[in-house]
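What follows is a single structure, written as structure tokens, with notes after it.
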Amino acid sequence: MLNIIAYIGYFILLLNLVVFIKTSSNQGKSYKIFILYLGVIFCVQIAGSILAYHKTNNLFLSHLYFVGQFIILSFFFLAVLTNERQKKIVKIGLIFGLAALAIQYSLNPSLLYKFNLFEIFITSFLVIVFATIHLYNMLGEAKLFYYITVGLLIYLFGSTALFLTGNLMGEMSSGVNKIIWILNVILYALYQLFILLEWKKNYYKRETNTIL
């Protein structure tokens, strides 16, 4: 059951990557950065699945996932936001987050081989801040990437709470572990559905009208 839900999420992610690439002509910088995000996340997810299938430790990929997501989405929101003060907040957040992680890993390299609770918190928290700023802006402006932003906030709020229990999983029962991961893959699949909804609402009709 868990694998089925996970594969559904991966399939929707691949579908999102394909349809966003398909309608990428004449789109802005933020759109293309988001395609890069989808592509990187898809590669990390597939690599993790392959390693798990071969019973190989894939925890190191979690760092690529969280840090990669943080960097790319920071540049995504830099491209989306128009207020210079808000852009400065994103730039400072990006530099601070990467500097804090660089210091932590230099002091404790062993964290590369397990879930890094601080990494999960700081990268997710900062992206939540950036997304919330953009969501606030959309209250009085055009709803650019509205469904993506809402889906991202739902996913990050939920998944961060779940991932922060990562280092405790060894002390939990197998039943609790299973519930945690089921909830996470459901959140991930829901997030991908929000991304697909964004494309359907704002880019599918535009592509159809262009063809006609």
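The magnitude of the dipole of segment 1-208, with charges of +1 and -1 set on the Cβ of Lys/Arg and Asp/Glu and taken from the Cα centre, is near 460 debye. As a calculated quantity, the FRET efficiency between residue 32 and residue 182 at R0 = 41 Å, using C-beta atoms, amounts to about 0.75. Number of Lys-Lys pairs in segment 1-208 under 16 Å by Cα, sequence gap 8 or more or different chains? So the count of such lysine pairs works out to 8.
Surface composition of the chain: carbon plus sulfur atoms hold 70% of the accessible area, using a 1.4 angstrom probe and ignoring ligands, DNA and RNA.
Selection among 60, 44, 30 by position relative to the dipole of segment 29-116 gives 30 as farthest towards the positive end (Cβ unit charges, Cα centre).
Full extension of the segment from residue 5 to residue 83, taken as 0.36 nm per residue of separation minus the current Cα-Cα distance, would add 24.2 nm. Modelled spin labels at residue 95 and residue 113, positioned 7 Å past Cα toward Cβ, are 3.5 nm from each other. The residues of the chain expose on average 54 square angstrom of accessible surface per residue, using a 1.4 Å probe on protein heavy atoms. A crude spin-label estimate for the pair residue 53 and residue 104, with each label 7 Å from Cα along the Cβ direction, gives 3.2 nm. Coupling constants for segment 4-20 follow from the phi torsions by the Karplus curve (6.51 cos²θ - 1.76 cosθ + 1.60, θ = phi - 60°), and in residue order they are 4, 4, 4, 5, 5, x, 5, 5, 5, 4, 4, 4, 4, 4, 5, 5, 5 Hz; glycine and proline get x.
Summary value for the chain: 29 percent relative contact order, contacts being C-alpha pairs under 8 angstrom separated by 6+ residues.
The values are calculated or read from the model by the stated rules, or taken from the named source; none is laboratory data. Everything quoted here is computed from the prediction, not taken from an experiment. FYI the Cβ positions are ideal-geometry reconstructions off the backbone, even for glycines, and counts take in every protein chain you see. Ligands, DNA and RNA are excluded from the accessible area calculation, which covers all protein heavy atoms including side chains. Shrake-Rupley method; radii C 1.70, N 1.55, O 1.52, S 1.80 Å.
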